[in-house]
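Some notes on the structure that comes next.
The values are calculated or read from the model by the stated rules, or taken from the named source; none is laboratory data. These figures come from a predicted structure and were not determined experimentally. Here the Cβ positions follow ideal geometry from the backbone for every residue, glycine too, while neighbour counts run over all protein chains shown. All accessible areas refer to the heavy atoms of the entire protein, side chains included, with ligands and DNA or RNA removed. Shrake-Rupley method; radii C 1.70, N 1.55, O 1.52, S 1.80 Å.
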Amino acid sequence: MNYAIIAAGEGSRLVQEGVKWPKPLVKLGGRALVDRLIGIFLDNDATSIRVIINEEMREVREHLEALTLPVPFHLLVRSTPSSFHSFYELCHQWAADELCLTTVDTIFRPDAFRAYVDAFRADPAVDGLMAVTSYVDDEKPLYVKTGADLGIENFLDADDGTCRYISGGIYCLRRPALDALEEARREGLARMRNYQRYLVARGLRLRAYPFGKIIDVDHASDIAKAESFLQS
């Protein structure tokens with residue numbers, strides 16, 4: 001499996017709240033967020049890993065360039081206006097037929113992630129298996145409208161009263177969804193949620209995969225919350 005991490009955000013809210021480390025180097029249980037993800041990927045049969053960071057992250061760049069990994073590792077240093085643009089820069093010239101993408105601040109249990117990747121491998125007919133959670137602790141959640149079989153029918157900015165889940169920010173995608181990335185960029189899309197809506201509009205086969213809980217580290221208080229979650 002090919003893996004990719006979006007770590008190009010500024011983490012401005014953490015800085016404003018007194019966190020001295022750039023977000024990818026924020027530690028949970030003594031381990032940097034980006035290192036934790038890379039370790040989980042290696043434990044799940046990684047064949048390659050890609051990471052994008054912004055041009056201001058000198059400390060993060062030095063940290064990642066010093067890593068020695070047993071699989072091909074590509075670090076892209078580029079400032080982008082959004083996570084969708086970061087995704088595009090990471091993947092638009094990548095020949096991989098399938099990949100798993102996440103943002104660097106997405107916290108989940110390793111056993112839940114392994115089950116998720118196994119479910120993706122076991123369902124070759126799906127174009128995208130999207131991690132979802134019923135745990136809502138996000139300022140602007142993306143609601144996921146699903147059918148009885150967890151097929152994704154739409155992505156909504158507000159709950160219409162029928163949504164059981166929100167997006168968890170982890171995406172397993174196959175070539176049709178990656179090809180649509182190029183098309184979505186040409187059409188001027190500029191947000192990950194609009195890209196996901198574009199996949200639905202194109203008729204791609206998307207399914208939701210429920211995680212028990214996923215936490216985003218956006219605020220200083222989220223660090224302790226995430227550590228407690230992982231230890232529980």
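Details
- Here the stretch 107-232 carries DSSP beta bridges of which approximately 70% are antiparallel, counting only pairs with both residues inside.
- Remark on ARG164: its backbone amide H falls under 5 Å from those of THR146, a criterion applied only to residues 5 or more positions apart or on other chains, H modelled at 1.01 Å from N.
- Values (1) 43; (2) 37; (3) 46 are given for comparison; percent of Cα pairs over 25 Å apart, derived from the coordinates here, is the one labelled (2).
- Calculated FRET efficiency, SER228 to ASP111, Cβ-Cβ distance, R0 = 22 Å: about 0.80 to the nearest 0.05.
- Proximity of backbone amide H atoms, modeled 1.01 Å from N, is registered between ILE170 and ALA131 at under 5 Å, excluding neighbours fewer than 5 places apart on the same chain.
- Under a model in which nothing but the beta-carbon of Lys, Arg (+1) and Asp, Glu (-1) is charged, the chain shows a dipole of about 100 debye around its Cα centre.
- Per-residue ellipticity at 222 nm from helix content only, as computed over the chain with -39500 (n - 2.57) for each DSSP H run of at least four residues, stands at -10000 deg cm²/dmol.
- What separates the Cα centres of the stretch 1-57 and the stretch 179-207 is a distance of 25 Å.
- The string of couplings for the stretch 144-160 from the Karplus curve (6.51, -1.76, 1.60, θ = phi - 60°) is 10, 8, 10, x, 5, 8, 6, x, 7, 9, 5, 10, 10, 6, 9, 5, 8 Hz, one whole number per residue in order, with x for Gly and Pro.
- Accessible solvent surface per residue of the stretch 1-142, calculated while the other protein chains remain in place, 1.4 angstrom probe, Å²: 45
- The stretch 143-232 - charge dipole about Cα centre, Lys and Arg +1 at Cβ, Asp and Glu -1, debye rounded to 20: 320
- The stretch 99-197: chymotrypsin sites (Phe, Trp or Tyr not before Pro) in DSSP coil with no more than 16 other Cβ atoms inside 10 Å: TYR135
- Apportionment of accessible area to carbon and sulfur, the chain, percent (1.4 Å): 46
- Of all lysines in the structure, the ones whose alpha carbon falls short of 23 Å from that of LYS213, not counting any fewer than 8 places away in one chain, are LYS23, LYS27, LYS140, LYS145, LYS225.
- DSSP beta bridges in the stretch 1-156 [antiparallel fraction, %, rounded to 5]: 25
- Most fluctuating residue given options SER134, SER86, SER221, as computed from a GNM of the chain linking Cα atoms under 10 Å: SER221
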